[in-house]
């Protein structure tokens, strides 16, 4: 009787668990990487534990003459998996090998998954006329509304009068203003610093920054969609993340296929799925390869060998476009949080220099911070969020001051 009751309860539990697992698998397939939150990963580890237990039970039934051996081996296998689960839990609690996306969004996001966002287009933008949020864990949440192009700014007018200077700001999250309210983003503060007029002309600053973008996507966006607004000055930022991280994932201009789709040098591989759910795997992989990121190391090294040469070629393209459409282009060298703290770049800015570009100049934000604002190694606490790597409102204010100086020098 007791045995029958146990079988009955086990059957109900198994049926419910299978139904839940079916729903969980369907949910993960529907939402993708966003579904890899803590309870999904807990379900995955428990499922492996139940599967191992079921296999041991089958062996116990089949090998009746080796029951003791099956029990010993089964105890070792199941016990080892329990230890792995506990160790994984400890690593996660202490945030060892925790990726930036996990701290910010609560789940691991492989940058290659961003291809889904733009795989049918060259243009790195958001859904037009939509609401979105820029949030980082418990630190901050700021809302945005996109215009008809899919950019976090007001609706731009194509028509432009002769007494107007249009400044177009291309860039990534630091241009969009991640970490601050819309009115505290550097383009809005730049508009306030420059005032209503510049050299007797009315100033309009247009924010074309998009989180996750890089100079190559920005060039295509400018060339394909933004020239119709007839900017007088075009700004774009370059950082360590652009030169190494983004270039490793996306490559240079070769990423753009002629038919408007993307061809990325990095391809998703099976081990990347293990990387997404196991911090233990990340530790072991780092120990073996010395590579901490979810990258194919060989491809990463190959693409990074050409990052500066391709960036210089891109600067020439910006200059050619500027000459053809009669605008000035300013490349803004932007420090990352660690470089700001150390007050020097982890790369050589001179590597981006291209001589004899008539409509193209470079402005070093970090040099301005050191020379004009007199930053110290402790000042990052004033201008950056403590955990997140983005500026706060005060950080975007000094960025706007620096960019205003760059604009005045060109104009």
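Going residue by residue through region 332-344, is there one that turns out to be assigned to a loop (DSSP other than H, G, I, E, B) and farther than 19 Å from residue 209 by Cα?
Yes, region 332-344 contains a residue that is assigned to a loop (DSSP other than H, G, I, E, B) and farther than 19 Å from residue 209 by Cα.
The test for being within 21 Å of the chain's Cα centre (by Cα) and within 19 Å of residue 214 (Cβ to Cβ) does not hold for residue 321.
Taking the criterion of being surrounded by fewer than 20 Cβ atoms within 10 Å (Cβ to Cβ) and in contact with a strand residue (DSSP E or B) (Cβ under 6 Å, 6 or more places away or on another chain), the only residue of region 334-348 that qualifies is 337.
Note on region 321-331: residues that are part of a helix (DSSP H, G or I) and exposed (fewer than 14 other Cβ atoms within 10 Å of the Cβ) total 1. Taken together, 148, 173, 136 contain a single residue that is at negative phi and touching a strand residue (DSSP E or B) at 6+ places or on another chain (Cβ under 8 Å), which is 173. Inclusion of residue 259 among residues that are out of contact with any helix residue (DSSP H, G or I) (no Cβ under 9 Å at 6 or more places or on another chain), more than 30 Å from residue 363 (Cβ to Cβ) and surrounded by fewer than 16 Cβ atoms within 10 Å (Cβ to Cβ) is warranted. Scanning region 322-335 for residues that are under 11 Å from residue 359 (Cα atoms) and in contact with a helix residue (DSSP H, G or I) (Cβ under 6 Å, 6 or more places away or on another chain) yields 325, 328, 329, 330. Looking at region 52-161, the helices (runs of 4 or more DSSP H) lying wholly inside it that each contain 2 or more residues that are outside the structural domain of residue 246 (by TED's automatic domain parsing) and surrounded by 12 or more Cβ atoms within 10 Å (Cβ to Cβ) sit at 67-93, 100-105.
Looking only at region 186-222, count how many residues are more than 13 Å from residue 124 (Cβ to Cβ) and outside any loop (DSSP other than H, G, I, E, B). Steps first, answer last, please.
Step one: filter region 186-222 for residues more than 13 Å from residue 124 (Cβ to Cβ), giving 186-207.
Of the ones still in play, those that are also outside any loop (DSSP other than H, G, I, E, B) are 186-194, 197-198, 201-207.
The number of residues fulfilling the criteria is 18.
Please tell me if residue 223 is under 25 Å from residue 307 (Cα atoms) and touching a helix residue (DSSP H, G or I) at 6+ places or on another chain (Cβ under 7 Å). Here the answer is yes, as residue 223 does meet what is asked.
Going residue by residue through region 276-284, is there one that turns out to be within 17 Å of the chain's Cα centre (by Cα), in contact (Cβ under 8 Å) with a residue 24 or more places away in the chain and closer than 21 Å to residue 347 by Cβ? No, region 276-284 contains no residue that is within 17 Å of the chain's Cα centre (by Cα), in contact (Cβ under 8 Å) with a residue 24 or more places away in the chain and closer than 21 Å to residue 347 by Cβ. Which ones in region 232-260 are assigned to a loop (DSSP other than H, G, I, E, B) and under 20 Å from the mean Cα position of the chain (by Cα)? The answer is 239, 251, 252. For the condition surrounded by 16 or more Cβ atoms within 10 Å (Cβ to Cβ), touching a strand residue (DSSP E or B) at 6+ places or on another chain (Cβ under 7 Å) and touching a residue at least 24 places away in the same chain (Cβ under 8 Å), residue 368 does not qualify. Consider residue 24 carefully, then state whether it is loosely packed, with under 12 Cβ neighbours inside 10 Å, at pLDDT below 80 and either outside the structural domain of residue 251 (by TED's automatic domain parsing) or over 38 Å from the mean Cα position of the chain (by Cα) (or both). So residue 24 does not fit the description; no. Against the list (1) in a helix (DSSP H, G or I); (2) at pLDDT below 85, the condition residue 292 fails is (1). With respect to being surrounded by 21 or more Cβ atoms within 10 Å (Cβ to Cβ) and either within 17 Å of the chain's Cα centre (by Cα) or part of a loop (DSSP other than H, G, I, E, B) (or both), residue 170 fits the description.
The values are calculated or read from the model by the stated rules, or taken from the named source; none is laboratory data. Small disclaimer: the values here were computed from a predicted structure and weren't measured. FYI the Cβ positions are ideal-geometry reconstructions off the backbone, even for glycines, and counts take in every protein chain you see.
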